[in-house]
1. Looking at region 27-41, is at least one residue in a helix (DSSP H, G or I) and within 30 Å of Arg144 (Cβ to Cβ)?
2. Criterion first (without any contact (Cβ under 8 Å) to a residue 12 or more places away in the chain, within 13 Å of the ligand (Cβ to nearest atom) and exposed (fewer than 13 other Cβ atoms within 10 Å of the Cβ)) does Thr103 satisfy it?
3. If you take the residues in region 29-83 that are among the charged types (D, E, K, R) and closer than 16 Å to Asn15 by Cα, which one is nearest to the ligand (Cβ to nearest atom)?
4. Looking at the structure I just gave you, is Leu64 in a loop (DSSP other than H, G, I, E, B) and surrounded by fewer than 19 Cβ atoms within 10 Å (Cβ to Cβ)?
5. Considering only residues of region 1-32 that are exposed (fewer than 15 other Cβ atoms within 10 Å of the Cβ) and either modelled with pLDDT of 95 or more or out of contact with any strand residue (DSSP E or B) (no Cβ under 8 Å at 6 or more places or on another chain) (or both), which is farthest from Met74 (Cα to Cα)?
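The values are calculated or read from the model by the stated rules, or taken from the named source; none is laboratory data. Treat the numbers as computed from the prediction; the structure is a model and nothing was measured. Cβ sites come from the backbone with ideal geometry, for glycine too, and all protein chains shown count toward neighbours.
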Amino acid sequence: METSFAVWGRLNSHNVKKVVWFAEELGLDYVRRDIGGQFGYTEDYLAKNPNRVVPMIEDDNLALWESNAILRYMAAEYGGERWFPADPAQRARADRWMDWQVTYADAQRLPFLSFARTPRADWDMAAITRDMDSCAKQLAVMERYLGESPWLSGSQFGIGDIPMGVYAYTWFSLPFEKPEFPAIAEWYARIRERPGYARQVMIPLT
Ligand SMILES: N[C@@H](CCC(=O)N[C@@H](CS)C(=O)NCC(=O)O)C(=O)O
């Protein structure tokens with residue numbers, strides 16, 4: 001029987017990577033369909049997601065966009081207590097890092113787009129350095145947190161680690177000067193051991 005869970009979006013998107021990585025963590029039977037970026041969009045897709053961005057999931061009659069909302073839905077629908085704890089405080093501690101990532105992503109955007117999608121001759125090094133500094137200032141907060149907690153989600157890996165897990169791969173791959181963050185590096189090393197992450201996130205940045 002064909003699976004009813006579809007992830008729409010090109011895999012070189014940070015936000016699509018979150019969803020397919022988590023689908024693998026859950027052991028979900030899913031299909032991914034390329035759309036967005038170099039693949040363009042269809043009228044049918046835009047009718048369901050008029051934002052003209054990826055990802056979107058379809059699960060039975062549900063069409064859902066916004067990657068972090070998708071992660072929460074998947075955790076609640078398929079994850080049980082392990083991935084979607086009943087205790088609101090426990091959930092919220094992880095949840096905040098998902099919202100935190102949205103602000104962080106703005107700072108990492110130009111360094112990423114420069115490295116992955118812009119000819120080197122056109123790099124604006126002053127702007128890249130400014131934004132790398134902004135990333136580092138934000139990551140210093142995460143560094144302090146991970147000095148006291150093994151995971152952003154608390155005592156075990158959870159959906160709170162997924163958004164920044166994806167952005168960490170890019171951060172560590174960028175060839176620009178950056179400070180050392182030992183606790184983040186240690187967390188990142190543990191994340192890299194997760195098979196779904198290695199398969200879906202650790203791919204060439206394009
Ligand atoms: N807040 C949205 C952002 C979605 C977004 O900006 N996606 C980018 C890729 S990471 C995109 O679709 N860009 C345009 C395109 O690929 O056509 C989410 O988290 O899902």
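1. no
2. No, not satisfied.
3. Once the filter is applied, the top-ranked residue is Glu66.
4. Judged against the criteria, Leu64 is not a match.
5. Only one residue tops the list, namely Met1.
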